[in-house]
Amino acid sequence: MASFKILLVEDDLNLGQILNEYLTVKGYETKLCRDGDEGVKAFKREAFDLCLFDVMLPKKDGFSMAKEIRREDKVTPIIFLTAKSMKEDTIEGFKIGGDDYITKPFSMEELLLRIQAILRRTAEKNPQISDQKIFEFGSFKFDYDKQILSRPGSEEVRLTSKESELLRLLCLHVNQPLDRSTALKIIWRDDSYFNARSMDVYIAKLRKMLKDDESVQIITIHGSGFKLITEGQIA
């Protein structure tokens, strides 16, 4: 099972804990929040592959959360969980950018199948949420989960979280341009000037790590972004 990361926002203590444990057992990394404010803060602070939002939440309801998130992120899938089955609510959920809607009570198996279907469709359209975690290019091997870059005859290099996220995006777009703004929004959640300068520093660090293999380069595409060029295929 791919280690996708899910943001679960559910104020029902029992249901929230059951869902959290079930999704974890099924191989998903799950972040459980108990109210809308906490959920939005978590989304802005971390990167998630899918969101599960209860509609009726304290402080900020699920629809309000989705509206706030969709102003900055049009891609990350959102599934609404609700005790209501009114057609108007279903339509409202889709209008504000929801990808699916499941009414309580629901079976865990049904929820899991819906999650799998949405992640599969989204991964086809957006390679950055691919489940690939191991990459081999040039003489390098990169293990995203362990955050290790290795090369025969050299010591392993342990990467920081940001370095790993950035190198993985470059690998997923190998020999293709990686848009600067896209990378900033995925990794930093914000394409501000300050974060752009920070990304430039990380690119420089990655170039230094890769410099011993002349068949691998990270080039700058002025006004656009970056490109990881390698003569060998990403395995």
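Figure legend: label point modelled 7 angstrom from the Cα of I18 along Cα→Cβ; residues of the range 58-85 with amide N under 20 Å from it are 58, 79-85. What is the helix-to-structure angle for 161-172, meaning the angle in degrees between its Cα long axis and the longest Cα principal axis of the chain, kept from 0 to 90 and rounded to the nearest 10? Relative to the chain, helix 161-172 is tipped by roughly 80 degrees.
Structure remark: mean-square fluctuation, Gaussian network model of the chain, C-alpha springs under 10 Å; the largest value among Q132, Q17, Q147 belongs to Q17. Taking other Cβ atoms within 10 Å as a rough exposure proxy, R70, R121 sort from fewest to most as R121, R70.
When Kirkwood radius over Cα pairs in Å is calculated for this entry, the matching label among (1) 18.4; (2) 19.2; (3) 17.8 is (2).
Each residue of the range 11-20 was assigned a 3J(HN,Hα) from its phi angle through the Karplus curve 6.51 cos²θ - 1.76 cosθ + 1.60 (θ = phi - 60°); the sequence is 8, 6, 4, 5, 4, x, 5, 5, 4, 4 Hz, with glycine and proline shown as x.
Roughly how tilted is helix 108-125, in degrees to the nearest 10 and between 0 and 90, from the longest Cα axis of the chain? For helix 108-125, the angle is close to 40 degrees. For the range 202-208, backbone phi angles converted through the Karplus equation (6.51, -1.76, 1.60; θ = phi - 60°) give residue-by-residue couplings of 5, 4, 4, 5, 5, 4, 5 Hz, Gly and Pro being listed as x. Step through the table entries K5/K26; K141/K208; K41/K227; K44/K208, compare each Cα-Cα distance with 21 Å, and write down the pairs that go over it. Where the Cα-Cα span goes over 21 Å, the pairs concerned are K41/K227; K44/K208.
List D143, D49 from most exposed to least, where exposure is judged by having the fewest other Cβ atoms within 10 Å. Walk me through the intermediate numbers first.
Working: D143 15, D49 24.
Going from least to most buried by this count: D143, D49.
Taking amide H as placed 1.01 Å from N in the peptide plane, the amide H of M56 sits under 5 Å from that of G62, A83, each at least 5 places away or on another chain. Within the range 18-111, the chymotrypsin sites (Phe, Trp or Tyr not before Pro) that combine a DSSP coil assignment with at most 12 other C-beta atoms in a 10 angstrom radius are F106.
Here, each number is a calculation from the coordinates, and none is a lab measurement. Just so it is clear, the structure is predicted and the values come from calculations on it, not from any experiment. Positions of Cβ are backbone-derived with ideal geometry, glycine not excepted, and every protein chain shown enters the neighbour counts.
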